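Colleague: Handing you this structure, nothing more for now.
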Amino acid sequence: MRLYAAVTVSGFKRYATYRVATVAGVFTNTVFGFILAYTYTALWDERPHLGGYDLAQALTFVWLGQALLAAVALMGGGFQEELQDRIRSGDIAVDLYRPVDLQSWWLATELGRALFQLLGRGVVPMGIGALVFELRLPASPLTWLWFLLSVVLAVCVGFAVRYLVSLASFWLLDGTGLSMLSGLLCLFFSGMILPLNVFPGQLGEIARALPWAAMLQVPADVFLEEHRGAGLLAAFAFQVGWMVVLLAAGRVLQSVATRKVVVQGG
């Protein structure tokens, strides 16, 4: 555990060195936050209480999305491209010789990256959004704790999804197309484009049951205090359930992929 804690700290420090990229990311998230906020304002003016949210809740959802965009890697990124490159180049063989678990190593790295992105790229846009717009902030101090726990679970679910996508590079010459498809599915089914509560009928039920819902919709609803008591436990169980299933699937796929490693090109 001390080793993986050190890897997490190293992941945090690594991304902390990219100061210019962080500032650019904060600016981008803030700009898109304003664009979405005014779009949501127009939409909710026409359809008040759309999806069960009032305007303040909808605007809070917008800024939560911008705060978690990089931390949960809703558009991909993080360890994914690096792992795919190492598989493609054959450097993954060196990783497999190390006396550490491959999946746990990358998860520890991802947790460090996510913590920095949450602090470096999440706090400022959320703060600006709260200053300019009327947001629905938690009434209970405990809600902040539950929200942070939900974000940790969201990061783990996101990691598990992208780890599966990355392992596909053992069989694909180029995993770019699959990564792009995964990113598009995440944007749509996480609630980044519109809250999943807005999705009609069976589409909404399916979307809320998929793992991507655990990456944004669930943490946002925890923050908005839509889940209380048994509902809060059910929300955490949903995230934990998908995390366990996807991490287990990743471990099985990793075992199959590394049973015989062939370096591309030789």
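Colleague: Kindly write out, for the stretch 239-252 in residue order, the coupling ³J(HN,Hα) from the Karplus curve 6.51 cos²θ - 1.76 cosθ + 1.60 (θ = phi - 60°), rounded to whole Hz, with x marking Gly and Pro.
Modeller: With the stated coefficients, the stretch 239-252 comes to 5, 4, x, 5, 4, 5, 4, 6, 5, 5, 4, x, 5, 5 Hz.
Colleague: Here's another thing I want to ask about it. Compute the Kirkwood hydrodynamic radius of the stretch 162-266, taking the inverse of the mean of 1/r over all pairs of distinct Cα atoms, and give it in Å to one decimal.
Modeller: Details: mean 1/r = 0.0641 Å⁻¹.
About 15.6 Å for the stretch 162-266.
Colleague: Another question, if that's okay. Relative contact order of the stretch 1-260, please, whole-number percent, based on alpha carbon pairs below 8 angstrom and at least 6 residues apart.
Modeller: Values: 300 pairs, mean separation 67.7, N = 260.
RCO, the stretch 1-260: 26 percent.
Colleague: Return the calculated 222 nm mean residue ellipticity for the chain, to the nearest 500 deg cm²/dmol, obtained by summing -39500 (n - 2.57) across DSSP H runs with n ≥ 4 and dividing by the residue count. The partial results should precede the final answer.
Modeller: Numbers: 12 runs with 186 residues, N = 266.
Theoretical 222 nm ellipticity from helices: -23000 deg cm²/dmol.
Colleague: Find the all-direction average of the projected area of the Cα convex hull for the stretch 91-185, expressing the result in square nanometres with one decimal place. Present the calculation step by step, with values, prior to reporting the outcome.
Modeller: Working: hull surface 34.8 nm².
Mean shadow area of the hull around the Cα atoms is 8.7 nm².
Colleague: More than 26 Å apart: what percent of Cα pairs in the stretch 1-260 qualify? Numbers along the way, then the final one.
Modeller: On the way: 13705 of 33670 pairs.
Tail of the P(r) past 26 Å holds 41 percent of the pairs.
Colleague: Helix 102-117: angle to the longest alpha-carbon principal axis of the chain, degrees 0 to 90, nearest 10?
Modeller: Helix 102-117 and the main axis of the chain meet at about 40 degrees.
Colleague: Okay, next question. What residue among TRP44, TRP242, TRP106 shows peak mean-square fluctuation when the chain is described by a Gaussian network model with Cα springs under 10 Å?
Modeller: TRP44
Colleague: Taking 8 Å as the Cα distance limit and 6 or more residues as the minimum spacing, I'd like the relative contact order of the stretch 1-121 as a percentage.
Modeller: Numbers: 92 pairs, mean separation 61.7, N = 121.
Relative contact order for the stretch 1-121 comes out at 51 percent.
Colleague: Going by alpha carbons, how many degrees (0 to 90, nearest 10) lie between the helix axis of 141-167 and the longest principal axis of the chain?
Modeller: 40 degrees
Colleague: Over all directions, average the projected area of the Cα convex hull of the stretch 1-42 and note it in nm².
Modeller: With every direction weighted equally, the projected area is 4.1 nm².
Colleague: Between GLU226 and residues 5 or more places away or on another chain, which pairs have amide H atoms under 5 Å apart, with H built 1.01 Å from N, and which residues are they?
Modeller: Hits under the 5 Å cutoff: none.
Colleague: How much area per residue is accessible in the chain when the probe is 1.4 Å and only protein heavy atoms are counted (Å²)?
Modeller: Values: 13000 Å² over 266 residues.
Heavy-atom accessible area per residue stands at 49 Å².
Colleague: Label point 7 Å out from LEU184 along Cα-to-Cβ: which residues of the stretch 45-79 have amide N under 18 Å?
Modeller: 74-77
The values are calculated or read from the model by the stated rules, or taken from the named source; none is laboratory data. Note that the structure is predicted; figures quoted are calculated from it, not measured. Cβ: placed from backbone, ideal geometry, glycine included. Neighbour counts: every protein chain shown. Side chains included, ligands, DNA and RNA excluded: accessible areas come from the protein's heavy atoms. Shrake-Rupley method; radii C 1.70, N 1.55, O 1.52, S 1.80 Å.
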